[in-house]
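What follows is a short report on a single structure.
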Amino acid sequence: AESVGCPETCECKTTDIVQLLLATADDAASQHGDPEDAEEPPSSRSVSDALASQSEEESLQSSLDIDIDTSDSDGETEPEHVQASTGLPQDRELLIQPSNIADVCAAFERRRPREAAVVRSVQFEISGAAEAVPKCAQLLGKLDNLQHLKLNASGNEITDEGLESLGRGIGGCSRLASLECNVSRNQIVGDRLGHLGENIGRCADLKRIVLNVSRNHATSRRLGLFGQGISRCAQLTSADMNFARNQITDDRLGNFGQGLAGCARLENLALNFAGNKISHNGLGRLSQGIGKCDRLTTILLDFADNQGGGGSLGRLGEGIGNCSQLSCLDVGLARNDITGESLSKVLEGIGRCALLGSLGLDLEGNQIAKEGCWHLCEGLAYIKELRNLRLSLQGNLLAGEGLVQLGERLGNCAKLEALVLDVTGNKITIGKLARFAQELRRCPVLERLDWSLGDNPIADEGLGGFGEQIGRLGKLTSLSLNVDGCPITGERLAQFGEGIGHCSLLKSVDLLFRGTKVRAASARPLLWQLHQFGSVHQRRVDFRVDFSDCCITRSQGRELTRTMHHLSLRF
């Protein structure tokens, strides 16, 4: 109301603005010849006209929640939630919920179809409202100039027929540039996936897609046709598709990959097939198609909880290795019965990506013992430009010798800047940890170390030496250490704190001792060392220390917090 000169006491209802939105299209069309040209804010006359017409048409209900940006084309700030939901500039946005979808449909039904052209962005929030799905598909068919669509229809018991209906609505939005569609937790078996892909393929201007079909009953039967449809999106640069927790097998995965290969401009790809029935053969076929996307710079793949272990797993690396522009790769292979030998072949293939600097590898719950760790180290040697490594070996059969081998390998990574390593739930002792940290000293530019060591047989003896080795990592600015659930009493925590105190460049320190046997008397010397760190180096350092579920009472925790007020403590 303020933007068009209405006084603060004006009785205009927010819900009337949808009528104003449609009336503005009439005004714009008469002045410029096309509703797309209507970029200026509505005049006060158009406001009064719209309000006057209310007596002739049924007003919208007060539950209608619509946010409309009426700024001109040169500039001005748009509503924050518009930018957050799509990340792209918008002209008009409708936020549609179960409470207002019938009113919005009725409003557009009463007006000429071309007046819907003023709407460029729509967000449907109809999760858990099955009755709203047909109306959603109906409304989409009227928004010819829609550019940005966000649709959340999870948990609606949608069948394949409902998916096909939604697909037809999406396919009618031929100018769509950004699509987010969440149909997770429904009753989809996948028979209409091909139709969905075909309709998405009609959006010739589509540049970004986020699709979530997880937790349904989808099979691979039409997955190839879905990929074939997507391949027609010639402008697509970013794709994020989630098929986790379905019934997908190796069948048609190769065809799906070949469909992705048709997206010649694709730069960012995220695929989640966790919790299906895919073998190493299926992973290899899929990667062959991915490898033909020669513009890819970022790939995120999650194949956790499948059947990927086997001799042909190396083909996964061969396919990815053909992506010559790849700089960032994250692969999830947790709980796939993988041994080290096949893993070495995967990394050998990936090593052909000469620009690869950031690698994430999730191997939780496999069979990476000492020999497997040797093969892992052999594979890492192929990645010459490694700067950031995120490696999870949680819940394997890893003992101290394997960790030392890994440290020796990483010590040769002269460009390594950040290491995130999770070895929770193995058989590693404190002496081997000190050896590992000693090997890291050969990484001349290592700045960040994030280490999860929980539920290992790590005792107090040698904790001081471990801290001393960390203290010799001269470039370290960020340290995170998690020893949750280890049999530590804290007797050597003072020496440990003294050791890490030699990292003169530290800016951030997180120490987690949750569920250990540390007492207040043992914690106090460590906290005092950290408390003095900022004074010694004459700068502020963010220290966060967590002693939850330890042998420290609440009153002792309060006393320590008062004494060490420069630290962030949790008890």
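The values are calculated or read from the model by the stated rules, or taken from the named source; none is laboratory data. Being a predicted model, the structure only gives us computed values, none of them experimental. As a convention, Cβ positions derive from the backbone with ideal geometry for all residues, glycine included, and neighbour counts pool all protein chains shown. Note: accessible area is taken over every heavy atom of the protein model, side chains too, but ligands, DNA and RNA are not part of it. Shrake-Rupley method; radii C 1.70, N 1.55, O 1.52, S 1.80 Å.
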Can Asp330 be described as part of a strand (DSSP E or B) and open to solvent by 20 Å² or more (accessible area, probe 1.4 Å)?
yes
Would you check if there is a residue in the stretch 257-268 being in a helix (DSSP H, G or I) and of a type in the set (A, V, I, L, M)?
yes
Working only within the stretch 444-458, note down all residues that are under 8 Å from Glu417 (Cα atoms) and in a loop (DSSP other than H, G, I, E, B).
Val445, Leu446, Glu447
Being at pLDDT 95 or above, closer than 22 Å to Gly534 by Cα and charged (D, E, K, R) is the filter here; which residues of the stretch 476-515 pass it?
Asp510
Return the residue satisfying two criteria in turn: it lies in the stretch 517-557 and is open to solvent by 60 Å² or more (accessible area, probe 1.4 Å) and among the small types (Gly, Ala, Ser), and of such residues it is farthest from Ser568 (Cα to Cα).
Ala521
What's the number of the only condition in (1) in a helix (DSSP H, G or I); (2) closer than 22 Å to Asp305 by Cβ that Leu225 fails to meet?
(2)
State yes or no: is Leu146 assigned to a strand (DSSP E or B), modelled with pLDDT of 85 or more and out of contact with any helix residue (DSSP H, G or I) (no Cβ under 6 Å at 6 or more places or on another chain)?
no
Scanning the stretch 239-268 for residues that are farther than 16 Å from Val213 by Cβ and either surrounded by fewer than 21 Cβ atoms within 10 Å (Cβ to Cβ) or at pLDDT below 95 (or both) gives Asp250, Asp251, Gly254, Asn255, Gln258, Ala261, Gly262, Ala264, Arg265, Glu267, Asn268
Suppose the filter is among the small types (Gly, Ala, Ser), over 27 Å from Asp330 (Cα atoms) and assigned to a loop (DSSP other than H, G, I, E, B); does Gly467 pass it?
no
Any residue in the stretch 146-167 that is basic (Lys, Arg) sitting within a Cβ distance under 8 Å of a residue that is part of a helix (DSSP H, G or I)? List the pairs, counting only those 6 or more apart or interchain.
Lys150/Ser85; Lys150/Thr86
Filtered residues of the stretch 159-183 (kept if open to solvent by 10 Å² or more (accessible area, probe 1.4 Å) and in a loop (DSSP other than H, G, I, E, B))
Thr159, Gly172, Ser174, Arg175, Ala177
Please go through the stretch 521-571 and give me each residue that is within 15 Å of Gly497 (Cβ to Cβ) and small (Gly, Ala, Ser), ordered by number.
Ala521, Ser522, Ala523, Gly534, Ser535
Do we find that Gly308 is open to solvent by 10 Å² or more (accessible area, probe 1.4 Å) and either over 23 Å from Gln247 (Cβ atoms) or without any contact (Cβ under 8 Å) to a residue 40 or more places away in the chain (or both) in this structure?
no
If we ask which residues in the stretch 457-475 are closer than 12 Å to Ala494 by Cα and among the aliphatic types (A, V, I, L, M), their number turns out to be 1
